[in-house]
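What follows is one structure encoded as structure tokens, with my remarks underneath.
The values are calculated or read from the model by the stated rules, or taken from the named source; none is laboratory data. Small disclaimer: the values here were computed from a predicted structure and weren't measured. Please note: Cβ atoms are built from the backbone with ideal geometry, for glycine as well, and neighbour counts cover all protein chains shown.
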């Protein structure tokens, strides 16, 4: 810590996620005992004007309309990337080349090839990285992971997961970066979340057989436009999967899930117990173990509390639930820890690349109509 | 009704399901205005002794240890079959040959070929049939079907279903008819339920890609035995599916679902609405439609009540929930209606054969590791 | 059992509850190993015609339009009373005078004085009685009682209960026996349920302070009538209570609970654990005990199953939920047991009279605006 | 706003609530478009040392161990008080005398007399005040209030509320400011929350009849101590209530509610609809209205989203739930608005005094054992 008294942050992007990052950077130091003080050094956005205005609101000292000024700035230690997916690679590569720790939003990039290039650069440079799969920061998922690692569920036999939302559920939602043929689609956008979660809790997915469906083959060129453009990407993906360790299951990614706003949910079955969870009730984990006695068994509803690290940093008492933005605060605290120790966070670029490889295999399987191994 | 003053029942089998049938036959007449009076004529069981004892308790007038005496009895109108699956075909064929209405427990038989033979016999004889997929009798599923038929959900795009229980969840559960290579396995036993439900609500499944998993490759030869026998059937099956109408989804059949006792559950997504349901809360249907206004939308929890036929036959007021056995009573009421009108019930043998064909396709896909069309 | 080979039932009333009783009498013998066979001997209803028609449908051998013919019939062993509350006393007294076992619907009568007379008659005659507080038959409430008796919750400190339904929730619901000044009102009709439950699980209520509210001071004289009649009874009652054992709490009885169909619910707090339950999910009991370990504590959701007697009489496997009518079947099984052994069932007339005394005290407290001890 | 470019904050207290305030002050500006920029000017704590250390972590520029230096500091605009309840009055009075806007944690003070003095001072000085009943900031409660104001529930007839937690549920929890005879007890600590909520949604409580219970008549003098001290305050309070507008109901305050961590919950019944809510699922409001059609009615589960102000300041998309700390951020945003406009926030000191008066009436009723009007 002596060499890292301060972590100077350069944030690229001031949209929904940029705002969320900024909030987390502003908040983390007051809640966590971090090994370095966070300094909001510079904000880069599409133009000088929006960068300056947002920097003022978010609390950054400087701003720029040219992101390369930020990634090459010697007075910045950590580069946080919340720009459109297609820019992740050039931004990350430039930041890595300047010796920065890189914190990148998910998905890592728009193709497996691109993700591989990014990971190679990291390995070559020895950079510290973290990818923003923020749902994994939930203290209850850490609890689930500990239970699995400790064998409390026995051997894991099945995983059933989905990430379903409704933000593209009607034909009125227009084209955007989300429907861009390069890196777009529900499987990339949401599937990456449920796949990263499956890998975190159960392990690598060995093979997959998927079907992809485009509900709306054309969408307005822009919001409210009467001009229609063809859509090439999936609105939903359904897959049967087999893990390397022999567990089997299903996953679904769906952004046309009418009625659902955040059903990132799963059930994990083991020979001795099971767990189910949905982000819709993100402060509850439902756990069944064979330890119950006759007439006294059932699912135990565990609520987040001080026993689940790092909930205690937010509140010393149970019952005061965490919200979505709090997960990003935890992520930033882990980022600072990774930056100071030089140990990659989880998931780092390499792990995010494995997620991307799984998505690629799913797409291939949908085309060949056969099971496809994940390389 | 003049020509059918009485429906004389011959029931084969006095196990769990036989008992459940007997209860329903004894109960239905007092709750429903049936077009024929039910007479508990004869009970057949494995031996004369058990048949006689159970007939006495269940309220049957006669009993027999020889089922062919029952299927050929001229004083019986309806033959109800709850014997082991492997006996469904010979019993049904004999009953059909004697002009009976046949009410058979699910699954219809132990192979698609057998099911086809049974359906051919029905068509030749013009027999009236009904198969005991009792979960379909839930008034709320009828409500769901009506909503879908009326277009309240728009075009159906996705189905996510499972039937998960835990009755074979440990390695201590012994071999039985369930694990018999002919017609055994979780996919046959439980998958048939979720497939029949998917067909009822969404329509025929066109193709499937499944993976089957045997969690316990050997089980005790009998309860408590130390002798182990190899198991050839699946303990769980996971599949991606595509319906003939273009909807896609996943299904799971799992009898090793630790912690779950009756998760026969589904979510149906349409372009205008969605429904989710679990048999764990069988008196609740959760419905989302785009009719909600800003800030006032969400899932509507519909509880079974007098507006959902035929709940009113059980109770004139809402809030008095139905139980599992009540579903069988509804099924028997539908059976009597089918018997009197001569119109097949739903699902009849032909429909149950389509369920069997879907299971067959799933098994084939697991072997070929490709998508398999359902014939 | 030698002396009671058959229990010959005489049922008075063929409305909602009469039908429910008939169903239970018809069903119980096939599910339970009863110490006496049930014979549906005679049904009495308001007229000879309705009695005859309902007897035919319900399966009774004889019928009558004169209830005294039934209560005095030497070929009847058990008289079941589902007639309007105001008739409970004369019917029960006559049945007792003829040596019958008496099974009476709740509430026992229309006033504490009347209930006291009935109980005195029972004591004098040594009659066997049971009162139809059917919700108490839930196997999970038996489980709750066992946990409390075994000290699993420690010392009981608080009870929070209500019975809320909506069947009188608008001003359009007309006058009926429910709003009769003698024995009418939400506190009598629904409060009796939650008070009997409180007494069953926690013990006698020692004192009470209640407020009663009439939401609709006048209602149509009959359904659809434009003639309005004044209403004197409560639509809802709210009370603070203290149990004899020192626990305190609140109870609510409410038949104008817009949106609620069956919220008979409670939470019991003890020094070591707590339980909450609602009849809306009658197959689930939520239990918290201090036995949980750090990070692994929470409410356990116990589902009804074979370990909860007498669920196994309905189904040998868990997950097959009970419904409302099943509770009445359990009640009838307990009735037959009480009849044969000569041991009063629970709650008997004496217990139901204590419930009535508690209601009386609540009404007195609302008038005097002071805490009122229950005599 | 021209005159208030900056709101300079002086925070007193650095415990759980001080930390929570500091976090909110640090966060609000980046999420909300506030009419004044927030400046973390000074932190006062018990000693110079803890004040300095916490100021550093929380991001305050200055610190002091003498709170009067802060309340009299001309370079401070808003004084936020999170010190022990007994200090609220002197701190607030001093701050008011120096022309500050005062933001005080609940409960306002330790007695009605004290609260009255504080409110008088506010009125004399024309000070702007806000009291930290943070649960009221939930966007869904605003939604509930709007529905009630718009008549969507009809006339309100009943309220059933409680605030139940378990932080004093065993006898091991030691004496502290919570059990101080002056201003201590569950009714003061938690009852103030549910009473403020009842007043916010339904209106003033006109009269009350309560019972108070001390579960543990003695507690350790301090954590882990073997010396025991007598306890004079209530561990739980149960009350029947009547609102000024005629609605009736029950309330409970309970800090010995074994198993409960945050059951701040209520049900509001109206002649046309009802609402139920629990802080345990703070992002869900359950609403029933008579607008449902036959077979399509039930409780609607409304999730917090952008349509519920000011959720959109945290996230532009639905499904990203708020947490406990976010409620404090909303409160701070409302504080800044109140400070700039000079319009008191809700609840201000006057409103908090009405809450205190209701608590006082409840205590009096428990002593006199009669209904007690709230002055």
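Observations on the structure shown:
- Some residue of region A:329-347 being farther than 30 Å from residue D:20 by Cβ, more than 10 Å from every other protein chain (Cβ to nearest Cβ) and out of contact with any helix residue (DSSP H, G or I) (no Cβ under 9 Å at 6 or more places or on another chain): yes
- Some residue of region A:305-321 being touching a strand residue (DSSP E or B) at 6+ places or on another chain (Cβ under 8 Å), more than 7 Å from every other protein chain (Cβ to nearest Cβ) and at pLDDT 95 or above: no
- Among the residues listed as A:138, A:134, A:116, the single one being within 17 Å of residue A:268 (Cα to Cα) and touching a residue at least 40 places away in the same chain (Cβ under 8 Å): A:138
- From the list C:298, C:305, C:312, the one residue that fits, being surrounded by fewer than 21 Cβ atoms within 10 Å (Cβ to Cβ) and assigned by TED's automatic domain parsing to the domain that holds residue C:265, is C:312.
- Qualifying residues in region B:262-278 (those that are in a loop (DSSP other than H, G, I, E, B) and either farther than 30 Å from residue D:142 by Cα or in contact with a helix residue (DSSP H, G or I) (Cβ under 9 Å, 6 or more places away or on another chain) (or both)) - the one farthest from the other protein chains (Cβ to nearest Cβ): B:271
- Here region D:35-52 is the region considered, the condition is being buried (at least 21 other Cβ atoms within 10 Å of the Cβ) and within 14 Å of another protein chain (Cβ to nearest Cβ), and the residue that is farthest from residue A:19 (Cα to Cα) is D:43.
- The strands (runs of 3 or more DSSP E) found wholly in region C:38-109 include none carrying at least 2 residues that are in the same structural domain as residue C:360 (by TED's automatic domain parsing), modelled with pLDDT of 95 or more and over 23 Å from residue C:180 (Cα atoms).
- Residue check, residue D:211 away from chain C (no Cβ under 13 Å) and crowded, with 22+ Cβ neighbours inside 10 Å: no
- Positions within region C:230-239 being facing chain D (nearest Cβ under 10 Å) and not in a loop (DSSP other than H, G, I, E, B), in sequence order: C:236, C:237, C:238, C:239
- Filtering D:259, D:184, D:203 for residues that are in a loop (DSSP other than H, G, I, E, B) and under 15 Å from residue D:158 (Cβ atoms) leaves a single hit, D:203.
- Matching residues, region C:167-177, being buried (at least 20 other Cβ atoms within 10 Å of the Cβ) and either in contact with a helix residue (DSSP H, G or I) (Cβ under 6 Å, 6 or more places away or on another chain) or within 14 Å of chain D (Cβ to nearest Cβ) (or both): C:168, C:169
- Options D:209, D:192, D:222, D:196: the member that is in the same structural domain as residue D:270 (by TED's automatic domain parsing) and assigned to a loop (DSSP other than H, G, I, E, B): D:222
- Filtering region A:144-151 for residues that are surrounded by fewer than 24 Cβ atoms within 10 Å (Cβ to Cβ) and not in a helix (DSSP H, G or I) leaves a non-empty set.
- Identity of the residue in region C:240-256, more than 14 Å from chain B (Cβ to nearest Cβ) and outside any strand (DSSP E or B), that ends up farthest from the chain's Cα centre (by Cα): C:246
- Region A:214-229: number of residues that are more than 23 Å from residue B:269 (Cβ to Cβ) and either crowded, with 20+ Cβ neighbours inside 10 Å or within 14 Å of another protein chain (Cβ to nearest Cβ) (or both): 1
- Checking residue C:167 against (1) modelled with pLDDT of 95 or more; (2) farther than 23 Å from residue C:20 by Cα, the condition it does not meet: (2)
- Within region D:323-375, tally of residues that are outside any helix (DSSP H, G or I), in contact with a strand residue (DSSP E or B) (Cβ under 7 Å, 6 or more places away or on another chain) and either at pLDDT 95 or above or buried (at least 24 other Cβ atoms within 10 Å of the Cβ) (or both): 8
- Of the residues in region C:230-241, at least one is touching a strand residue (DSSP E or B) at 6+ places or on another chain (Cβ under 6 Å), surrounded by fewer than 24 Cβ atoms within 10 Å (Cβ to Cβ) and more than 30 Å from residue A:292 (Cβ to Cβ).
- Residues (crowded, with 19+ Cβ neighbours inside 10 Å and under 10 Å from residue D:12 (Cα atoms)) located in region D:64-83: D:64, D:67, D:70, D:71, D:79, D:80, D:81, D:82, D:83
- Pairs, first assigned by TED's automatic domain parsing to the domain that holds residue D:190 and without any contact (Cβ under 8 Å) to a residue 40 or more places away in the chain in region D:244-271, second part of a loop (DSSP other than H, G, I, E, B) and surrounded by 24 or more Cβ atoms within 10 Å (Cβ to Cβ), C-beta under 8 Å, six or more apart: none
- Qualifying residue in region C:8-17 (condition: within 21 Å of residue C:134 (Cα to Cα), in a helix (DSSP H, G or I) and within 14 Å of chain B (Cβ to nearest Cβ)): yes
- Taken over region A:186-206, the criterion of being within 14 Å of chain B (Cβ to nearest Cβ) and surrounded by 21 or more Cβ atoms within 10 Å (Cβ to Cβ) is satisfied by A:186, A:187, A:190, A:191, A:194, A:198, A:202, A:205.
- The set of residues from region D:84-121 being within 21 Å of residue D:333 (Cα to Cα) and either surrounded by 23 or more Cβ atoms within 10 Å (Cβ to Cβ) or touching a strand residue (DSSP E or B) at 6+ places or on another chain (Cβ under 9 Å) (or both) comprises D:92, D:95, D:96, D:100, D:101, D:102, D:103, D:104, D:105, D:106, D:107, D:108.
- Residue match in region D:56-65 (condition: within 21 Å of residue D:347 (Cβ to Cβ) and more than 14 Å from chain A (Cβ to nearest Cβ)): no
- Search result, residues across region C:145-166 that are away from chain D (no Cβ under 14 Å) and in contact with a helix residue (DSSP H, G or I) (Cβ under 9 Å, 6 or more places away or on another chain): C:145
- Test for residue B:181: is it more than 21 Å from residue A:267 (Cβ to Cβ) and modelled with pLDDT of 95 or more: no
- Of all residues in region D:279-298 being away from chain C (no Cβ under 12 Å) and not in a loop (DSSP other than H, G, I, E, B), the one that is farthest from residue B:300 (Cα to Cα): D:279
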